[in-house]
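Please read the structure below before turning to the comments.
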Amino acid sequence: MTIKLHHLRFSRSTRIIWLLEELGIDYDIEMHDRNPETNRSQDDLFAVHPLGKAPTVEVDGHVMVESSAIIEYLIETHGDGKLGPTTEADRAPYLEWLHFAEGTMGMPILLTLLGPRFGGLGDILGGFVGGEVTKLLDYVDAHMEGRDFVVGDSLTGADINLEYLLELSNMAGLLNERPNAKAYLDRLMATDGYKKAIEIGGPLVPTAAS
Ligand SMILES: N[C@@H](CCC(=O)N[C@@H](CS)C(=O)NCC(=O)O)C(=O)O
């Protein structure tokens, strides 16, 4: 049964296009647009899953949401040994980093980017979120010192999951003083798989040309 990815333009479902391209497996893709006024997903995505979130993937008879779970499942069941940890010792850090992206890092980064659109986060929430963002990005920057990939010596699903949040962080200038994280992001964005994903799904955020 063919895997079907529901891709919302300008969103983190781009990372699943990247994953599927790297895995080299057949898939169908259905494009969904954001509501031009609210920037939220619309009825066509809610018709697929009650949360109306992207990515949503139809796979093995299940309609699946949550990037980290989708990445873990697709690598495990359709990966043919690709993009997972290459040693038993890497398995724990691989799962940790794979889930760190959406589990701990996602919300503070997203709130930082969305805050200005909603009149700012205010002193209390803004202080909490700002402190988290500093801690999280410093952690990634320190971890990437002397490493090419977040775990092991080759690209894994954990790198693919992290890239989206690092790219958004970089757009907000948050990697300017974090050279290891910035160099890591640059390397990820230079991969053929990432470039192919952007070619298919479009950029992560609207640009003048899109
Ligand atoms: N933790 C979820 C977050 C999913 C999510 O919030 N996706 C955004 C796209 S970046 C979305 O669907 N936004 C549209 C909306 O919520 O209306 C994941 O990693 O898949």
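The values are calculated or read from the model by the stated rules, or taken from the named source; none is laboratory data. Note that the structure is a prediction, hence the values are computed from the model and not measured. Here Cβ is always computed from backbone atoms with ideal geometry, including for glycine, and neighbour counts include all displayed protein chains.
A few points about this structure:
- Of the candidates D43, D60, the single residue that is surrounded by fewer than 19 Cβ atoms within 10 Å (Cβ to Cβ) and closer than 26 Å to L23 by Cβ is D60.
- Being away from the ligand (no atom under 16 Å from the Cβ), under 16 Å from L166 (Cα atoms) and either in contact with a Gly (Cβ under 6 Å, 6 or more places away or on another chain) or touching a residue at least 40 places away in the same chain (Cβ under 8 Å) (or both) is a condition met by at least one residue of the stretch 117-136.
- Condition check for L185 on (1) within 15 Å of the chain's Cα centre (by Cα); (2) in contact (Cβ under 8 Å) with a residue 24 or more places away in the chain: one failure, at (2).
- Test result for L23, closer than 19 Å to G201 by Cβ, of a type outside the set (F, W, Y) and modelled with pLDDT of 95 or more: yes
- Looking across the stretch 70-106, the residues that are of a type in the set (G, A, S), surrounded by 14 or more Cβ atoms within 10 Å (Cβ to Cβ) and within 16 Å of the ligand (Cβ to nearest atom) come down to A101, G106.
- Unique residue being outside the structural domain of E22 (by TED's automatic domain parsing), closer than 22 Å to W18 by Cβ, surrounded by fewer than 22 Cβ atoms within 10 Å (Cβ to Cβ) and among the aliphatic types (A, V, I, L, M) when the list is A158, A172: A172
- All conditions but one from (1) touching a Ser or Thr at 6+ places or on another chain (Cβ under 6 Å); (2) under 18 Å from A183 (Cβ atoms) apply to H99; the one that does not is (2).
- Qualifying residue in the stretch 96-107 (condition: aromatic (F, W, Y) and assigned by TED's automatic domain parsing to the domain that holds D26): no
- Taking the stretch 1-17 as the range and being touching an Asp or Glu at 6+ places or on another chain (Cβ under 8 Å) and surrounded by 15 or more Cβ atoms within 10 Å (Cβ to Cβ) as the test, the residues that pass are I3, K4, L5, H6, H7, L8, R9, R15.
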